[in-house]
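Have a look at the structure below, then the notes.
The values are calculated or read from the model by the stated rules, or taken from the named source; none is laboratory data. Remember, it's a predicted structure, so these values are computed and weren't measured experimentally. All Cβ positions, even for glycine, are placed from backbone atoms using ideal geometry, and neighbour counts span all protein chains on display. To get the accessible areas, we keep the full protein, side chains included, count just its heavy atoms, and leave off ligands, DNA and RNA. Shrake-Rupley method; radii C 1.70, N 1.55, O 1.52, S 1.80 Å.
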Amino acid sequence: MQVSLDISMYPLDQDYEPPILDFIARLQAHEQLTVRPNALSTQVFGDYDVLMDLLTREIRTSFAQGLPTVMTLKLVNLDRANETV
């Protein structure tokens, strides 16, 4: 099943950009996913099982870095990768 995810990361620190850019880069390293960052969030598209497995690992990696961080996720069971806004 193909899904579409909208995810936002909010590191609770004044120097918030490096952890966000690191998280996005790690997601982009997975060829199984389509990752489209923008100014407010990042859209991720792919197979549900693959996406959720990789997302669990990458969020855990971010959390393990010790910086308090909020993640917001919106997930839909549609493949919206080829839709235009």
(request) Can you tell me which residue among LEU78, LEU21 is hydrophobic (A, V, I, L, M, F, W, C) and at pLDDT below 95? (result) LEU78
(request) Please determine, by comparing only the residues of region 49-85 that are closer than 14 Å to LEU27 by Cα, out of contact with any strand residue (DSSP E or B) (no Cβ under 9 Å at 6 or more places or on another chain) and not charged (D, E, K, R), which one is most open to solvent (accessible area, probe 1.4 Å). (result) THR56
(request) Go through region 2-48 and count every residue that is closer than 15 Å to THR69 by Cβ, assigned to a strand (DSSP E or B) and open to solvent by 40 Å² or more (accessible area, probe 1.4 Å). (result) 1
